[in-house]
Amino acid sequence: MTESAPERPQESLPLDSTAHERPQEPLPLDSTAQLLTRITAQLGTQLSLVSLNGTRRPMHRTPQQPAHSNVSPLTPTAPTLVAVAHGSRDPRALHTVTELLDRVRELRPGLDVRLGHIELNEPLLPQTLDALGGGEAVLVPLLLGRGYHVKQDIPEAVAGAVALRTRTAAPLGPHPLLVEALHGRLTEAGWRPEDDGNRNSAVVLAAAGSRDPESAAGTRRTAYLLSERLGGVPVVPAYASAAAPSVPAALRALAARGRRRVAVASYFTAPGRFASAAAARAPWIAAAPLGAHPAMARLLLHRYDQALAVGAPVHENPMNTRFLASA
């Protein structure tokens, strides 16, 4: 009886190896049963890499990349979003802005979202920036045009944040998402599809007003876009202060032209004295301020992303360089 040769260790094949990648060497198997066992095991391994729809599953997946991850694509170093509100003595204003920022957080989980006011409410913008200390932030004005606050107040606050690198996004308007929000608020107030294009219908777009011509141009652009959305009915921009026409003057002019169903659209981010005064003048319906409309939250994040896409930090002391993102 001859002594059987010692069994050679069998070299295991990588899970993703195929027949054409390297020749298979004869395996020292003692029986047909071992052969069938070996084939079955290898076939099971290969089939485990195939999905039910016939596609090949990924070979390796790290614990940080689960198959159906709900983790936000933001990295821990994503710049803080600082929403810059005007501020108001009306207690509803702070509540409205807080609700809007809650919507933003829902849309972008994991993003650090802060609030700073230009005046009248706390936290004031310099306080918010000081609380951030170092790091990086994107300031998004909750303002609808390029007026004094955007061109003067915000840059002055940024200049005082000596340890913080910042970008300043464009104001919210003009933008089609604002028109979506305006249309939604008008619909909530009672505007109906049959009012679109109606010769009796019109809208006064009530805004705060500014002496800055760039701000007025933005409001006129929004009025034009809203008119298109409403089937061509007249949309007249009017102002609570600093610019003409006033809301009452615009209403009188439309009435003189035979427009009997005139709505007031509120071109204000939040409730306040100006928004309330404009709504009180409405001869028919008055829409609520834009507030926490879903389109506003999307627009706020759009401005944030737009500012990030610019590249280098906008303001980094001691260089004292500034940039205002394009609309």
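The values are calculated or read from the model by the stated rules, or taken from the named source; none is laboratory data. Note that the structure is predicted; figures quoted are calculated from it, not measured. Note that we place each Cβ from the backbone using ideal geometry, even for glycine, and neighbour counts take in every protein chain shown. Quick note on the areas: whole protein, heavy atoms, side chains included, nothing else; ligands and nucleic acids left out. Shrake-Rupley method; radii C 1.70, N 1.55, O 1.52, S 1.80 Å.
At 1.4 Å probe size, what's the solvent-accessible area of Y148? Round to the nearest 10 Å².
140
Just reorder T96, T187, T222, T77 by solvent-accessible area, largest first, 1.4 Å probe, all chains present.
Highest to lowest solvent-accessible surface, that is T77, T187, T96, T222.
For the stretch 73-131, what does the equivalent ellipsoid look like in terms of its semi-axes, each the square root of 5 times an eigenvalue of the Cα gyration tensor, given largest first in whole Å?
Here the semi-axes work out to 22, 15, 6 Å.
Summing Lys, Arg as +1 and Asp, Glu as -1, what charge do residues with Cβ under 11 Å from the Cβ of T98 carry, T98 excluded?
So the environment of T98 carries a net charge of +1.
Could you give log10 I(q)/I(0) at q = 0.16 Å⁻¹ for the stretch 154-202, computed by the Debye formula over C-alpha point scatterers of equal weight, without solvent?
With no solvent term, the Cα-only Debye profile gives -0.64.
Quote the FRET efficiency, to the nearest 0.05, computed for L111 versus R257 with a Förster distance R0 of 56 Å and r equal to the Cβ-Cβ distance.
0.75
Search the structure for amide H atoms under 5 Å from the amide H of L139, placed 1.01 Å from N in the peptide plane, and list their residues when 5 or more places away or on another chain.
Those qualifying (amide H under 5 Å, at least 5 residues apart or on another chain) are V82, R167, T168, A169.
Length gain on complete extension for the stretch A280 to A159, per 0.36 nm per residue less the alpha carbon to alpha carbon distance?
Net length gain for the segment: 39.6 nm.
For V236, what residues show an amide H to amide H distance below 5 Å, using hydrogens built from the backbone and excluding near sequence neighbours?
V203, V204, L205
Keeping all protein chains in position, work out how much accessible area D102 exposes to a 1.4 Å probe, and write it in Å² to the nearest 10.
70
What number, in nm² with one decimal, is the all-direction average of the projected area of the convex hull of the alpha-carbon atoms of the stretch 224-299?
Its Cα hull, projected and averaged over all orientations, spans 5.5 nm².
Quick one: net charge around L124, please, counting Lys, Arg +1 and Asp, Glu -1 for every other residue with C-beta under 13 Å from its C-beta.
Spelling it out: positives minus negatives among the neighbours equals -4.
Near R114, within a Cβ-to-Cβ distance under 14 Å, what is the net charge of the other residues, with Lys and Arg +1 and Asp and Glu -1?
-3
Just to make sure I understand: if all protein chains stay in place, what is the order of H175, H117 by accessible area at 1.4 Å, largest first?
H175, H117
Return the long-range amide H neighbours of R146 (sequence gap of 5 or more, or a different chain), with a cut-off of under 5 Å between placed amide H atoms.
S215
Can you give the accessible area of F268, probe radius 1.4 Å, in Å² rounded to 10?
Counting only protein heavy atoms, the figure is 20 Å².
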